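Visitor: Let me give you the structure first, and then I'll get to my questions.
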Amino acid sequence: MNVAESMIKCLELEGIDTVFGYPGGAILPMFEALRRSKIKHILVRNEQSAVHAASGYARVSKKVGICISTSGPGATNMITGIATAYMDSIPLIAITGQVRREFIGKDVFQEVDILGATEPFTKHSFLVTHADEVPTIMAKAIKIATTGRMGPVLIDIPSDVQLEEIEFKHIKEVEINGYKPTVIGHSGQLKRILKRVHEAKTPMIIAGGGVLLSGAEKALTQFAETRKIPVVNTLMGISSYPMDSPYYVGVLGSHGDVLCEEVVKNADLVIVIGARMSDRATKNFSLIRPEANIIHIDIDPSEIGKIVNYQIPVVGDAKTILEYLNEKIKPNEDEYWLKQFDFQRAVVEYTDLAKGDCVNPKHFLNEVSRRLTADAVVTADVGQNQIWTAKHIQYSQNRKFLSSGGLGTMGYSLSAAIGAKLASPEKMVVSVMGDAGIQMLLGELGTLSEIRHKVIVIILNNNLLGMVRELQDNAYGKKSHFGIHFSISPDFVKIGEGYGIAGRKIESNSEIQSVLDEAFQSEYSFIIDVRVSPEVDSL
């Protein structure tokens, strides 16, 4: 078989059933191999969407996501998607076509140095120059993308290499010089953790996206409940711990819950698990007290000590480490610490979100939350809608929240929802976006229509860039609004109908129940265009 056929065969043997892409001249042999394959190819409307869809697929299926494009503009269109996956540690392989080897470096039609362009935000990249390297490159790419701190890998392959004949080999295990991610954690540090946890009077846990990537949700729950330790999430850690648990406090950070800040400030031990402790999570690094005792568990050694100095750093896999600690930990019967924040939480969360004539997005999302199945997947875009969706829908370890947390890429939600739905067709999938975000990659409504699987698309429409409005208010005052209002806003319901997707508008609270009934009872994808108040802030 030829190289392109061998690469597709390798993906089949790895259990990949869906890939996302957009064809072109330099990648045609790969698409011919796909045509003969059992793997389903999803034709997106923009190569960036292929990466986002592969991300949603990877996060739900727990497999590596695959996206494919041609050379030149096809490859460069993938850049933002690759950077998005890199910041959120999503296991992806981006396969890009390249011009023939003899033409590389001669500025021929649709030639671009995609390896150089993506070098800062890929975990590793390969330019395939010899056909016999392909089996090893595929094995290395899969291993690098899916182990250690996961992330995107790029394979750039010239069109003439794709056509060369080779003997097929599927390499399951491969050694990579200098690449040996730590999984177990240092035994001495683990003993120190046990001692510090048993001594702590007011400990708390910050659970990040690494808990989800590791599959450590159940181990985290056991650890927290055994020691009666309150848990807060970073944005990327949402759904790693059930929100209805008495041990759950809320979301930490610049757009998080005030109570979380109080718990952090009063904790004598902060246990950070799978979180970067970024500026957004720590309010520009101001939340953690310099004198606080801190444990940091992370798969990536470069994250240890980057933001905060940790007394007990442990490099390793969150699930492996928590399971080890659960075998050694002693139960805690003292509930004094839990009772301190239980009352505060009831006070902080009490509010009437349904007041006023305009639709309040917070109230609306509360209503959406009541209708979600226990294992639903909710994808949020970036902006105010991201914060509202994170805080006003109830999540659990079965009901998942997906968003672009690190790079903050507008347009992510719809494509990620498509990937998530194809990964688990039996699950309810809801995509929440703003009116600005959906216009970034509006054509993906066509992709959604073509896949013939139901996704509910919610557009929280305030006819402006709401988060930028908040930033301008805070920085320059309420009279400073500039460059944020849309003088023309399309009719999203009619656009959806043009793609064969039904939809309804909601312009008042009285319409919420009937439209939600119609959307959730519909057999097919459905668009809800919600006219929300432009004055409502994210918090």
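Taken together, the values in this text are just the output of simple stated rules run on the coordinates, not laboratory data. Every value quoted in this text rests on a predicted model; they were computed, and no experiment measured them. With ideal geometry, Cβ positions are generated from the backbone for all residues, glycine too; neighbour counts draw on all protein chains shown.
Visitor: Report D for the range 404-495 in µm² per second (integer): Stokes-Einstein, Kirkwood Rh on Cα pairs, 25 °C, 0.890 mPa s.
Guide: Answer, rounded: 167 µm²/s.
Visitor: Work out, in µm²/s and without decimals, the Stokes-Einstein translational diffusion coefficient of the range 361-531 at 20 °C, 1.002 mPa s, Rh from Kirkwood over C-alpha pairs.
Guide: 133
Visitor: From the backbone phi of the range 318-331, what are the Karplus-calculated ³J(HN,Hα) couplings (6.51 cos²θ - 1.76 cosθ + 1.60, θ = phi - 60°) in whole Hz, Gly and Pro given as x?
Guide: Per residue, the Karplus-derived 3J(HN,Hα) values read 4, 5, 4, 5, 5, 5, 5, 5, 5, 6, 9, 6, 9, x Hz.
Visitor: While we're looking at this one, here's another question. Please give the length that would be gained between GLN394 and ASN309 if that part of the chain were fully extended, namely 0.36 nm times their separation in residues minus their C-alpha to C-alpha distance (nm, one decimal).
Guide: 27.3 nm
Visitor: Going by average Cβ neighbours within 10 Å, how do the peptides 250-256, 46-52, 133-139 rank, with the highest at the top?
Guide: Working: 250-256: 22.4, 46-52: 28.9, 133-139: 20.0.
Per-residue mean Cβ counts within 10 Å order the peptides as 46-52, 250-256, 133-139.
Visitor: Follow-up. Report which label in [x] 25.7; [y] 24.3; [z] 25.0 holds the value of Kirkwood radius over Cα pairs in Å derived from the coordinates of this structure.
Guide: [y]
Visitor: Another question about this same structure. Please find the FRET efficiency linking ALA502 to THR373, where r is the Cβ-Cβ separation and R0 is fixed at 22 Å, and quote it to the nearest 0.05.
Guide: After rounding to 0.05, the efficiency reads 0.60.
Visitor: If you count the DSSP beta bridges with both ends in the range 361-531, what percent of them are antiparallel, to the nearest 5? All intermediate terms of the calculation are to be shown ahead of the outcome.
Guide: Working: 1 of 24 bridges.
Of the beta bridges lying entirely in the range 361-531, close to 5 percent run antiparallel.
Visitor: Order the peptides 23-31, 98-106 from the highest to the lowest mean number of other Cβ atoms within 10 Å of their residues.
Guide: Values: 23-31: 21.2, 98-106: 15.6.
Top to bottom by mean Cβ count within 10 Å: 23-31, 98-106.
Visitor: What is the range 361-531's relative contact order, in percent, from Cα pairs under 8 angstrom and six or more apart in sequence? Don't skip to the end; give the middle numbers.
Guide: On the way: 305 pairs, mean separation 35.4, N = 171.
Relative contact order here is 21 percent.
Visitor: In Å, what Rg and Dmax follow from the Cα atoms of the range 461-516?
Guide: Cα only, the range 461-516: 15.5, 44 Å (Rg, Dmax).
Visitor: Evaluate the Debye formula for the range 128-229 with equal point scatterers sitting on the alpha carbons, no solvent, and hand back log10 of I(q)/I(0) at q = 0.23 Å⁻¹, in q order, two decimals.
Guide: Relative scattering, expressed as log10 I(q)/I(0), comes to -1.29.
Visitor: Using the beta-carbon distance between PHE109 and LEU43 and R0 = 25 Å, what value does 1/(1 + (r/R0)^6) give for FRET efficiency, to the nearest 0.05? Write out the running numbers ahead of the final one.
Guide: Numbers: r = 23 Å, r/R0 = 0.91.
E(calc), rounded to 0.05, equals 0.65.
Visitor: Expressed in whole Å with the largest first, what are the equivalent ellipsoid semi-axes of the range 110-173 derived from the C-alpha gyration tensor as the square root of 5 times each eigenvalue? Mind showing how you got there, number by number?
Guide: Details: eigenvalues 83, 68, 7 Å².
After scaling each eigenvalue by five and taking roots: 20, 19, 6 Å.
Visitor: Here is a further query. FRET efficiency for LYS265 and GLU327, Cβ-Cβ distance as r, R0 = 41 Å, nearest 0.05?
Guide: Numbers: r = 32 Å, r/R0 = 0.77.
It comes out at approximately 0.80.
Visitor: Need one number for the range 3-162: average projected area of the convex hull over its C-alpha atoms, nm².
Guide: Over every viewing direction, the Cα hull of the range 3-162 projects on average to 7.9 nm².
Visitor: With a cut-off of 8 Å between alpha carbons and a minimum separation of six or more residues, what is the relative contact order of the chain in percent?
Guide: The normalised contact order for the chain reaches 13 percent.
Visitor: Expressed as a whole number of Å, what is the distance separating the alpha-carbon centroids of the range 20-73 and the range 109-133?
Guide: 17
Visitor: Provide the gained length on full extension for the span HIS186 to PHE482, in nm with one decimal, where the gain is 0.36 nm per separating residue minus the Cα-Cα distance.
Guide: That pair, HIS186 and PHE482, stretches by 101.3 nm at full extension.
Visitor: Let me ask another. Highest first, please rank the peptides 121-131, 399-409 by the mean number of other Cβ atoms sitting within 10 Å of their residues.
Guide: 399-409, 121-131
Visitor: Also, quick follow-up: In whole angstrom, and with the biggest value first, how far do the Cα coordinates of the range 212-334 range along each principal axis?
Guide: Cα extents, longest axis first: 35, 31, 27 Å.
Visitor: Okay, next question. For the pairs LYS123/LYS362; LYS38/LYS400; LYS421/LYS494; LYS362/LYS478, flag any whose C-alpha to C-alpha distance is greater than 26 Å.
Guide: LYS123/LYS362; LYS38/LYS400, as the Cα separations exceed 26 Å there.
Visitor: Another question, then. Out of all DSSP beta bridges in the chain, what portion is antiparallel? Express it as a percent rounded to 5. Walk me through the numbers before you get to the answer.
Guide: Working: 2 of 69 bridges.
Once the DSSP bridges in the chain are tallied, antiparallel ones form about 5 percent.
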